[in-house]
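Comments concern the structure below.
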Amino acid sequence: MNKAGKAIVTVGLLAIFGAAAYFSVYQTGRQPASGAPSTGVLGGLAGKLTGAVPVEELSGLIALDVEPYFQDPRVQKALAANGFKLNVQRIGSRDMAARVIPGQTPDFFYSSGVVAANQIGDAAKKANIATTVYSPIYTPMVIASWAPIAQILATNGMATEASPGVWHVDLAKLTQLMLDKKRWKDLKGATAYDVNKSVLVSTTDVRKSNSAAMYLALTTYAFNGGEVVTDRDTAQKSAKAVAGLFKRQGYQENYVNGNFDDYVSIGIGKTPMAFIYENQIVSYAMAKKGLSPGMVLVYPQPTLFNKVVFVAASARAKKLGELLSTNTELQQLAVDFGFRIGDSAYFVQAAKATNLAVEERLTQVIDPPSFDMMAEMIDVITREMAQ
């Protein structure tokens, strides 16, 4: 072989060896290695050479509320850029605590509300599993209603229009009206909705759903003279008093999406008032570029904030909880699904783009009763509904 031929062969061999070395290092830098991050010496070298981020592959159980968020390719891309690949499964928040099993517990739970999160924490404590809690996003509880309904409530002295399409309703007066078993046709100025139907707010099944538990917390607060229930006797008395507000509804959806879907698709005849999360109606307005004709957003006075609670059950999941809570891109993507974040001004601007005048700062807000009191009241409602 002449010199030129030897040179060509040498260059070719060097190229092959170089490509093989690069491929080996690059793949090592990206490989999750059965769920463990590639943070060893070679992995760290690979990351520096290639810019690849070590991947943490985590398993989690999530509530219905956040499923669309985790399905969004933008969210998945942002998580991957920060080294996370998630395998998530949606289940009911109230079913999550039963999945706390030593040796089989997922890395994290993303539950809808503090009641379910407390159940998970209690189960983890009994199983000797350490957990850490984060609240990356939240949303107030609201009533999705219709302009004629809001006008009737205003005529009867229990609602006021705060801004176009946004109303306030006096929780104590509305609760008492429902406990008195009033019908729409009996109210003053009910011409636009003079139906022989009980005044009730549609909810989900309180035995299975977090949103209905929040409604229970609010109505018992109203029944208890504007005081949060703090003892067992009051819990039993209050829950028994408001049980009819659930029982008289008849069939109730297990998930809050079903309640909102009835409001949107069937309308005022089926659902004059629906108790939902604010993020549902905000995300609807964002998708539709505004609310449909006649739809209004009603804030109970007072209302509750529902925290969407991330429960980390592993050290790896703690990093994810911190990321979801602090990463600007992931926080702002949550706003696209109607959730509120720490940057309230960003949320309000995003909502205003849809001509929905949400309130930036809600001042009439209470805390729910403790986990034990809520459990006590839900048990009472469960027994009452079985009769």
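Per-structure values
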| read-out | value |
| --- | --- |
| Of residues in the stretch 244-277 being surrounded by fewer than 21 Cβ atoms within 10 Å (Cβ to Cβ) and in a helix (DSSP H, G or I), the one nearest to the chain's Cα centre (by Cα) | Asn257 |
| Lone unmet requirement of (1) within 16 Å of the chain's Cα centre (by Cα); (2) open to solvent by less than 10 Å² (accessible area, probe 1.4 Å) for Tyr284 | (2) |
| Residues (over 30 Å from Met96 (Cα atoms) and surrounded by 22 or more Cβ atoms within 10 Å (Cβ to Cβ)) located in the stretch 287-310 | Leu297, Val298 |
| All positions within the stretch 138-166 that are at pLDDT below 95 and closer than 29 Å to Val115 by Cβ | Ala162, Val166 |
| Filtered residues of the stretch 118-137 (kept if surrounded by fewer than 21 Cβ atoms within 10 Å (Cβ to Cβ) and out of contact with any helix residue (DSSP H, G or I) (no Cβ under 8 Å at 6 or more places or on another chain)) | Ala124, Lys125, Lys126, Ala127, Asn128, Ile129 |
| Qualifying residue in the stretch 208-223 (condition: more than 14 Å from Met141 (Cα to Cα), of a type in the set (Phe, Trp, Tyr) and touching a Ser or Thr at 6+ places or on another chain (Cβ under 8 Å)) | yes |
| Test: Ser135 is hydroxyl-bearing (Ser, Thr, Tyr), modelled with pLDDT of 95 or more and either assigned to a loop (DSSP other than H, G, I, E, B) or within 23 Å of Leu362 (Cβ to Cβ) (or both) | yes |
| Scan of the stretch 87-117 for residues that are open to solvent by 40 Å² or more (accessible area, probe 1.4 Å), touching a strand residue (DSSP E or B) at 6+ places or on another chain (Cβ under 7 Å) and either more than 20 Å from Asp65 (Cβ to Cβ) or in a strand (DSSP E or B) (or both), ordered by number | Asn87, Val88, Gln89, Arg90 |
| Qualifying residues in the stretch 302-344 (those that are basic (Lys, Arg) and modelled with pLDDT of 95 or more) - the one farthest from Ala63 (Cα to Cα) | Lys319 |
| Pair list, Cβ under 6 Å, 6 or more apart: the stretch 70-82 residue touching a residue at least 12 places away in the same chain (Cβ under 8 Å), other residue of a type outside the set (Gly, Ala, Ser) | Phe70/Val88; Arg74/Leu333; Val75/Tyr69; Val75/Leu333; Ala78/Glu329; Ala78/Leu330; Asn82/Leu323 |
| Complete set of residues in the stretch 346-387 that are surrounded by fewer than 15 Cβ atoms within 10 Å (Cβ to Cβ) and touching a Gly at 6+ places or on another chain (Cβ under 9 Å) | Asn355 |
| Filter result for Leu187 (open to solvent by 10 Å² or more (accessible area, probe 1.4 Å) and aliphatic (A, V, I, L, M)) | yes |
| Residue match in the stretch 311-329 (condition: surrounded by 22 or more Cβ atoms within 10 Å (Cβ to Cβ) and within 20 Å of Lys208 (Cβ to Cβ)) | yes |
| Residue match in the stretch 165-180 (condition: basic (Lys, Arg), open to solvent by 90 Å² or more (accessible area, probe 1.4 Å) and more than 29 Å from the chain's Cα centre (by Cα)) | no |
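Here is a yes/no grid of residues against (1) in contact with a Pro (Cβ under 7 Å, 6 or more places away or on another chain); (2) within 23 Å of Met374 (Cβ to Cβ); (3) among the aliphatic types (A, V, I, L, M):
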| site | (1), (2), (3) |
| --- | --- |
| Gly60 | yes, no, no |
| Ala63 | no, yes, yes |
| Pro68 | no, no, no |
| Leu79 | no, no, yes |
| Val88 | no, no, yes |
| Ala98 | no, yes, yes |
| Thr105 | no, no, no |
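The values are calculated or read from the model by the stated rules, or taken from the named source; none is laboratory data. Computed from a predicted model, the values in this text were never measured in an experiment. Neighbour counts are summed over all protein chains in view; Cβ atoms, including those assigned to glycine, are modelled from backbone coordinates with ideal geometry. Heads up: the accessible areas ignore ligands, DNA and RNA and are worked out on the full protein's heavy atoms, side chains in. Shrake-Rupley method; radii C 1.70, N 1.55, O 1.52, S 1.80 Å.
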